[in-house]
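Data block below; observations after.
All of the numbers you see were taken from the coordinates with simple rules; none came from a lab. Everything quoted here is computed from the prediction, not taken from an experiment. Reconstructed Cβ throughout: ideal geometry from the backbone, glycine too, with neighbour counts over all protein chains shown.
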Amino acid sequence: MDVSELDVVTLTTPLVSKGLEAGAVGTVVHVFHSPNTAYEVEFVDDDGTTTAMATLTRDQFRPCSSPPPDVRKPDPRSPVMTDVEPQAWLPQEANDLLDQGTVGLYEFIWSLRGTSFNLPDDEAIQLARRIAGELVRSGKALIFAVTWPGLDIVEGPLPVTTLEDPKSWSEGESGPLIALVPTDDVP
């Protein structure tokens, strides 16, 4: 069975690092096709609040043929942002992502694209660069090159000037991707 964005899936293996047990139900929010097929899955609580984001391979879940009635699909295009500016929203989003583990720099851009802010990519990258730099300078994260989809460290820590390279903000289709790794997670 093909799996597409917004499909509801069930974990077949526990993800202890994310606090998820086998049987947890989530929603596919993105399908990666390169360099390998992988799936970004969001898990939410009963209030619709994200509890975990996980990048999974196809053998870690099964599609739900009929999702339970209480499963809520995330609606990333309509977050509650009536009085929030992107400069205030992205730091919190970045911290939330880092609390869950390693974050590819491109995920900051995707997060902004999934909102109603409608920032052009160059402005989104400029804002994300500033926020990522603040996280590194504050000691919350370090910059590394990591594999996809395993997020294994292959190089680093890298200097903060890495954030200035436009290639650092790509999805790593032709090799490792650049990511922020929470300082507490660095081996």
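Here the Karplus curve 6.51 cos²θ - 1.76 cosθ + 1.60, taken at θ = phi - 60°, turns the phi angles of the stretch 14-26 into couplings of x, 10, 4, 5, 9, x, 10, 9, 4, x, 4, 9, x Hz, with x standing for Gly and Pro. Neighbours of Pro91 by Cβ distance under 15 Å: Lys/Arg scored +1, Asp/Glu scored -1, total -2. Divide the volume of the convex hull around the Cα atoms of the stretch 86-185 by the residue count and you get 92 Å³ per residue.
Relative to the dominant Cα principal axis of the chain, helix 121-137 is inclined by about 80°.
Computed from phi, the 3J(HN,Hα) profile of the stretch 143-149 under the Karplus parametrisation 6.51, -1.76, 1.60 (θ = phi - 60°) reads 9, 9, 8, 10, 6, 10, x Hz, with x in place of Gly and Pro. Using only alpha carbons, the stretch 8-63 has a radius of gyration to Kirkwood radius ratio (Rg to Rh) of 0.95. Full extension of the chain between His30 and Thr10 yields a length gain of 5.6 nm, computed as 0.36 nm times the residue separation minus the alpha carbon distance.
With contacts taken as Cα pairs under 8 Å and at least 6 residues apart, the chain reaches a relative contact order of 18 percent. Tell me the net charge near Val3. Cut-off is 11 Å between Cβ atoms, Val3 excluded, with +1 for each Lys or Arg and -1 for each Asp or Glu. Combined, the nearby Lys, Arg, Asp and Glu give -1. With Rh defined as the Kirkwood radius, the inverse of the mean 1/r over Cα pairs, the Rg/Rh of the chain is 0.95.
Each residue of the stretch 52-61 was assigned a 3J(HN,Hα) from its phi angle through the Karplus curve 6.51 cos²θ - 1.76 cosθ + 1.60 (θ = phi - 60°); the sequence is 6, 10, 9, 9, 10, 8, 4, 7, 9, 8 Hz, with glycine and proline shown as x. As a length-normalised measure over Cα pairs under 8 Å and 6 or more apart, the relative contact order of the stretch 86-185 settles at 35 percent.
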